[in-house]
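Colleague: The structure that follows is given in the form of structure tokens.
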Amino acid sequence: MILPHAMALPKLGTLQECSDFSKTVMPFLPQLYALPRQILGTVLNGGSFLKLYMETNPFISGLGASIFLGGVFLVAAEVNKNYSQVDRFWSILPTVYVGHFAAWARLAGIPSKRIDAALLFSTIWSTRLTYNYWRKGGYGIGHEDYRWQIVRDMLPKWAFHILNWTFISFIQSVLLYMFASPVYVLLLAIQFEPELSTADIGFTVLELGLILTEFIADHQQWVFQSAKKEYQTTGQVPTGHKQADLDRGFIASGLWAYSRHPNFAAEQSIWLALYQWGCFATNSLYNWTVLSPIMLMSVFQGSTWLTERITAGKYPEYSAYQKKVGTFVPKNLKGYKTPVPKVIRTSDLAKKLQEKEKEESKKQK
């Protein structure tokens, strides 16, 4: 008897083949095209969704879900004229997709300790980032990232709609799924190395360390912004803060003294590390899931450029900060210090005046 899931996974001969796109994804693309019809047939005929789920390649079913959600995000954005629909799910969907691979593996009777390890760090990442987004008011009714309004002002109306129909709704939705794509590679590698290895534990610890770094950076920024808001409201400098720092307008201490965006750096590193985990597990130098970190880094390049353009326009000292502190990677280990204004001593000023008077006297002669 052939189990339903047996036809849903590729037949591979070596560990390295687990990272081969032509063997692990391309043969199953027809399933993606047939999936809407199969779902409709299951609904109309009262079929088993569990059977359909297990008979569909797990990467394909997840990809189909991300495309479907892209359509949902598009409609919601256009109806509400609010373009932060994907933003609300940014911290949630990657873990849902990792959980999808973990659930599929368990239902198929495949050892899942390695995937469970990925699900562990991803769940912690989601919990922390979702909380951070919530406390900033991200889930408030009508809330929209202020940058989307700036982008709307920069583009013609028709161009912004195209941006929403492509990047904002669909591409970002698929990107969130691609975050989890290395877990598919890990799932395939289990048939060759089913046990949790020391390397798997090492990658899990690395991921947790990066999450901790992102937490520290976000918390430092939250504390600073809260203090600045209190200072602007009451005129009193909160305990533990300096007036000069609050007057500067942006945080430049803690991790932010070494990187202008330490939270962004950690966020990108988290998913880059997951990609490297997939490469290591398959003894491959690289694989097709590199698309995930490349897409993510591209998004952060654009987002960071826009954020810094806005910040530099608001705070005069930011340009000096940009020159001394790296965007993501530290330029040095000294840390940023606010430039000290050059003080002209009275004696120096008098000396310059005397020299000027002598020059004028010579000209008159």
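The values are calculated or read from the model by the stated rules, or taken from the named source; none is laboratory data. Every value quoted in this text rests on a predicted model; they were computed, and no experiment measured them. Using ideal geometry, Cβ is built from the backbone for each residue, glycine included, and neighbour counts are taken over all protein chains shown.
Colleague: Where in the range 112-168 are there helices (runs of 4 or more DSSP H), lying fully within it, with 1 or more residues that are within 23 Å of Glu308 (Cα to Cα), without any contact (Cβ under 8 Å) to a residue 12 or more places away in the chain and of a type in the set (D, E, K, R)?
Modeller: 146-154
Colleague: Cβ-Cβ under 9 Å, sequence separation 6+ or interchain: first residue in the range 6-24 and outside any helix (DSSP H, G or I), partner basic (Lys, Arg). Which pairs?
Modeller: From residues that are outside any helix (DSSP H, G or I), the pairs are Pro10/Lys23; Lys11/Lys23; Leu12/Lys23.
Colleague: Return the residues of the range 25-47 that are touching a residue at least 12 places away in the same chain (Cβ under 8 Å) and of a type in the set (D, E, K, R); say none if nothing qualifies.
Modeller: none
Colleague: Could you list all residues from the range 262-313 that are surrounded by fewer than 17 Cβ atoms within 10 Å (Cβ to Cβ), more than 18 Å from the chain's Cα centre (by Cα) and either hydroxyl-bearing (Ser, Thr, Tyr) or outside any helix (DSSP H, G or I) (or both)?
Modeller: Asn283, Leu285, Tyr286, Thr311
Colleague: Okay, next question. What's the total number of residues in the range 189-234 that are closer than 26 Å to Ala105 by Cα and of a type in the set (Val, Ile, Thr)?
Modeller: Result for the range 189-234: 6.
Colleague: Which residues, counting only those in the range 179-202, are surrounded by 23 or more Cβ atoms within 10 Å (Cβ to Cβ) and either part of a helix (DSSP H, G or I) or more than 15 Å from the chain's Cα centre (by Cα) (or both)?
Modeller: Phe179, Ser181, Pro182, Val183, Tyr184, Val185, Leu186, Leu187, Leu188, Ala189
Colleague: Between a first residue in the range 180-197 that is closer than 30 Å to Trp90 by Cβ and a second residue that is at pLDDT below 95 and β-branched (Val, Ile, Thr), which pairs have beta carbons less than 8 Å apart while being 6 or more apart in sequence or on different chains?
Modeller: Leu187/Ile110; Ile190/Ile110
Colleague: Out of all the residues in the range 53-71, is one or more outside any helix (DSSP H, G or I), polar (S, T, N, Q) and under 25 Å from Leu129 (Cα atoms)?
Modeller: No, the range 53-71 contains no residue that is outside any helix (DSSP H, G or I), polar (S, T, N, Q) and under 25 Å from Leu129 (Cα atoms).
Colleague: Here's something else I'd like to know. Restricting attention to the range 226-246, report how many residues are loosely packed, with under 14 Cβ neighbours inside 10 Å and in a helix (DSSP H, G or I).
Modeller: 7
Colleague: Considering only the range 318-329, I want to know if a residue exists there that is in a helix (DSSP H, G or I), of a type in the set (A, V, I, L, M), under 27 Å from Lys228 (Cα atoms) and at pLDDT 90 or above.
Modeller: Checked against the condition, which is being in a helix (DSSP H, G or I), of a type in the set (A, V, I, L, M), under 27 Å from Lys228 (Cα atoms) and at pLDDT 90 or above, the range 318-329 yields at least one hit.
Colleague: Does Glu214 satisfy being more than 30 Å from Ile60 (Cβ to Cβ), acidic (Asp, Glu) and in contact (Cβ under 8 Å) with a residue 60 or more places away in the chain?
Modeller: Yes, satisfied.
Colleague: Of the conditions (1) part of a helix (DSSP H, G or I); (2) within 30 Å of Trp148 (Cβ to Cβ), Asn82 satisfies every one except a single condition; which number is it?
Modeller: All conditions are met except number (1).
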